[in-house]
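This report concerns only the one structure given below.
The values are calculated or read from the model by the stated rules, or taken from the named source; none is laboratory data. Only a predicted model underlies this, so the values are computations on that prediction, with no experimental measurement involved. Backbone-built Cβ (ideal geometry, glycine too); neighbour counts: all protein chains shown. The accessibility values were calculated without ligands, DNA or RNA, using every heavy atom of the protein model including side chains. Shrake-Rupley method; radii C 1.70, N 1.55, O 1.52, S 1.80 Å.
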Amino acid sequence: MISPASLSPAQAAARLEEFTVIDVRAPGEYASGHVPGALNIPLDRLAEALPALKSASARGSLLVVCASGVRSVRACEILSDADIDAATLTGGTSAWEGDGRDLDRPVGGRTTWPMERQVRLAAGSLVVAGLLAGRRLPAAHWLSAGIGAGLVYSAATNTCGMAAVLGKLPYNRAPQAEAGLDATLEALQG
């Protein structure tokens, strides 16, 4: 597997009008602020968007964005497997904003924690709960062991089942996210 091209925020900003920007974060994260002009296709919905993305890539370059760059690299790998070229924004929207660049924030958009932070909170809470419950019920320690094993698997495979589950929670879904994805796919078909 060839690593996807990575662009710094300055490089991406200088060429932003050349790209179709795809934000692969959960709709709630996207609604809290995104690179100007970005279209939202959550990573867990990327497979169904492949035909539209192939069509868009035939007309111009794709730039894939997430919060920190981890999910966008994974998205670029999925796109590459489907013979679709795409670049990733190094450091994601965090680096974009940290570089002094504005994010589009839709009216009524709510602030949602980045998925990586949500996963850390959930995993840490479950580990602590397993350890505390294990003081009364020793078998509860298996909860902590299971979460630890899941984190190791997540790191080894560069996937995250917990993020997939958290992404389905109501606060991570923008209102009418389904209609939003359909409109995005239609726009990508050109």
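The figures follow:
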quantity: Other-chain or far-sequence residues with amide H under 5 Å of Ser6's (modelled H); calculated: Thr88
quantity: Vicinal HN-Hα couplings computed from phi for the range 9-23 (Karplus, 6.51 cos²θ - 1.76 cosθ + 1.60; Hz; Gly/Pro x); calculated: x, 5, 5, 5, 5, 5, 10, 3, 5, 7, 9, 9, 8, 10, 9
quantity: Cα point-scatterer Debye curve for the chain, base-10 log of I(q)/I(0) at q = 0.10, 0.14, 0.15 Å⁻¹; calculated: -0.43, -0.79, -0.88
quantity: Per residue, in Å², the accessible surface of the chain once ligands and nucleic acids are set aside, probe 1.4 Å; calculated: 53 Å²
quantity: Among Leu166, Leu131, Leu16: highest mean-square fluctuation, GNM of the chain, C-alpha pairs under 10 Å; calculated: Leu131
quantity: Within the chain: Cβ-based charge dipole about Cα centre, in debye rounded to nearest 20 (Lys, Arg +1; Asp, Glu -1); calculated: 880 debye
quantity: Relative contact order (%) - criterion: Cα under 8 Å, at least six apart; region: the chain; calculated: 27 percent
quantity: Candidates Leu151, Leu132, Leu39: whichever shows maximal mean-square fluctuation once the chain is modelled as a Gaussian network with Cα springs under 10 Å; calculated: Leu132
quantity: Most fluctuating residue given options Ala49, Ala123, Ala149, as computed from a GNM of the chain linking Cα atoms under 10 Å; calculated: Ala149
quantity: Under 5 Å, built H, 5+ apart or other chain: amide partners of Ser32; calculated: Thr112
quantity: Nonlocal amide H pairs with Ile22, under 5 Å, H built at 1.01 Å; calculated: Leu39, Leu63, Val64, Val65
quantity: Kirkwood hydrodynamic radius of the range 70-119, Cα pairs, Å; calculated: 12.9 Å
quantity: Within the accessible area of the chain (1.4 Å probe), percent carbon and sulfur; calculated: 60 percent
quantity: Spacing of the two label points (7 Å from each Cα toward its C-beta) at Lys168 and Asp99, in nm; calculated: 3.6 nm
quantity: Dipole of the range 65-124, positive direction: furthest Cα of Ala75, Met115, Ser94, with charges on the beta-carbon; calculated: Met115
